[in-house]
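The values are calculated or read from the model by the stated rules, or taken from the named source; none is laboratory data. Model, not experiment: these values are computed from the prediction. FYI the Cβ positions are ideal-geometry reconstructions off the backbone, even for glycines, and counts take in every protein chain you see.
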Amino acid sequence: MKKIGFIPLRKGSKSILGKNKRKMVGRPLFTWVLTQAIFSNLDEIVVFTDDDEIISFVNNQYKWTTKVKAILRNDQNAVDTASTESALIEFCELINNDFDILCLLQATSPFTTYLDINKMLDTIQYEKYDSSLTVVNTHRFIWSNEGEPLNYDVFNRPRRQDFEGLLVENGAVYCTTKEAFAFSKNRVSGNIGLVKMDEDSLNEIDTETDWLIVEELLINRLKKQKETNKITHFVLDVDGVFTDGTVFYSKEGELTKQFDMRDGMGLEILREQGIEVMVMTSELSELVAQRMKKLKIENIFLGVKDKYALLQHLLIEKSIRASNIAYIGDDVNDLANMCSVGWSITPNNATTIVKQHADIVLTHESGCGAIREACHFILNYNKRF
């Protein structure tokens, strides 16, 4: 049974400029649902967009999986007035309806997890529904414009724990069979199944205030899932961690970076204790590659714009638990990882938002012994194990 995930993205956004690719907890908004889709039971995920920048991002950042591809959508189906169904129809025609289950994933729902997606697929594959959608059980009291209560008796107000509430469509995930969509041309039709998601997922992102609320809720969710254990892996950013963030350029490009030799010795000591060192940077730098080669660090990942997705992939590939990882970073593109691993560490001169969410703010600044200090913490911490 062929199961395809479909993420439609438009370049334009009237409510929030560039919403789909704006950084939410340091990552483009659409990557939150995309990453979860990759680790779900979907066979293929298609990002359907009129934005060449997003297509380039997808093609460059997810080479570690064969499940993802980006397709350019028709401009006519990417205007404000175009419906999502028109994009679905266009896509189905492009692939000649070569699917059994089509799963519509909304980029503006960053709370969607791979478990939610799998439950949606199961409603069709095993429970034999024609389509399904995600809902939230809300315990709000609903009123009509005429001042009439619609879901409770004002003279017998129920307690929350005794109130069934209402199931509200949260707009996160929709699934349909090929046959149901061919007949109705709609995201849901026929016998419709429901999958409940957490109440946080009811928050929509239509204003700047919505964005701040959702971002804080997302950070809190990541932190609640954190566990700590013996540190077996140390993951490091480069610029602003190994270096003070300063880069010298000539007309030929990047000329030089400055590294602290004592940091290198600290990492060598960690490796002697069996701790694996990994480097993950957004820059494609030959200078960095040469320095890591000198330090005998084999696991180096250059040009990584979506560090969270890559780290999640490495956790599965290498059978590592997030609780066994210490991560040191200094800027927002490290934030999602830092909120997820066992221990998050940051130099004293890191950005304010990273310092607010780091488990440990070092006394040393980047490029001036911060890594060496972090190495001492890891060694001392591991002694208890």
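Within segment 332-355, how many residues are among the charged types (D, E, K, R) and more than 19 Å from Gln61 (Cα to Cα)? Lay out the reasoning, then the answer.
Taking segment 332-355 first, the residues among the charged types (D, E, K, R) are 334, 355.
From what's left, more than 19 Å from Gln61 (Cα to Cα): 355.
Here the count works out to 1.
Trp32 - would you say it is assigned to a loop (DSSP other than H, G, I, E, B) and aromatic (Phe, Trp, Tyr)?
no
Can you name the strands (runs of 3 or more DSSP E) wholly within segment 281-374 that have at least 2 residues being β-branched (Val, Ile, Thr), in the same structural domain as Asp263 (by TED's automatic domain parsing) and farther than 19 Å from Val247 by Cα?
Here the list reads 325-328, 343-346.
Look at segment 341-385 and say how many of its residues are in contact with a strand residue (DSSP E or B) (Cβ under 8 Å, 6 or more places away or on another chain) and over 25 Å from Lys257 (Cβ atoms).
Here the count works out to 6.
Mind checking which pairs have a first residue in segment 178-200 that is at pLDDT below 95 and a second that is of a type in the set (S, T, N, Q) and surrounded by 16 or more Cβ atoms within 10 Å (Cβ to Cβ), Cβ under 6 Å, 6 or more apart or different chains?
The qualifying pairs do not exist here.
Checking the structure you have, find out if any residue of segment 163-178 is outside any loop (DSSP other than H, G, I, E, B) and either more than 27 Å from Gln106 (Cβ to Cβ) or among the small types (Gly, Ala, Ser) (or both).
There is at least one residue in segment 163-178 that is outside any loop (DSSP other than H, G, I, E, B) and either more than 27 Å from Gln106 (Cβ to Cβ) or among the small types (Gly, Ala, Ser) (or both).
Scanning segment 2-41 for residues that are among the basic types (Lys, Arg) and more than 16 Å from the chain's Cα centre (by Cα), which turns out farthest from Ile71 (Cα to Cα)? Steps first, answer last, please.
Here is the first cut: in segment 2-41, the residues among the basic types (Lys, Arg) are 2-3, 10-11, 14, 19, 21-23, 27.
Okay, now just the ones that are also more than 16 Å from the chain's Cα centre (by Cα), so 2-3, 10-11, 14.
Working: Lys2: 18, Lys3: 17, Arg10: 12, Lys11: 13, Lys14: 23 Å.
The selected residue is Lys14.
For Thr243, which of the numbered conditions (1) at pLDDT below 95; (2) touching an Asp or Glu at 6+ places or on another chain (Cβ under 8 Å); (3) not hydrophobic (A, V, I, L, M, F, W, C) fails to hold?
If we test Thr243 against (1) at pLDDT below 95; (2) touching an Asp or Glu at 6+ places or on another chain (Cβ under 8 Å); (3) not hydrophobic (A, V, I, L, M, F, W, C), just (2) comes out false.
Take the residues in segment 180-229 that are surrounded by 15 or more Cβ atoms within 10 Å (Cβ to Cβ) and of a type in the set (Lys, Arg); name whichever of them is farthest from Thr84 (Cα to Cα).
Checked segment 180-229; the qualifying residue farthest from Thr84 (Cα to Cα) is Lys226.
Of everything in segment 207-240, what is over 15 Å from Asp334 (Cβ atoms), of a type in the set (D, E, K, R) and assigned to a helix (DSSP H, G or I)? Give them in sequence order.
Hits for segment 207-240 are Glu208, Asp210, Glu215, Glu216, Arg221, Lys224.
Out of the residues in segment 257-284 that are of a type in the set (Val, Ile, Thr) and under 25 Å from Tyr308 (Cα atoms), state the one that is nearest to the chain's Cα centre (by Cα).
Thr281
So, Ile124, is that one assigned to a helix (DSSP H, G or I), buried (at least 21 other Cβ atoms within 10 Å of the Cβ) and in contact with a helix residue (DSSP H, G or I) (Cβ under 7 Å, 6 or more places away or on another chain) or not?
no
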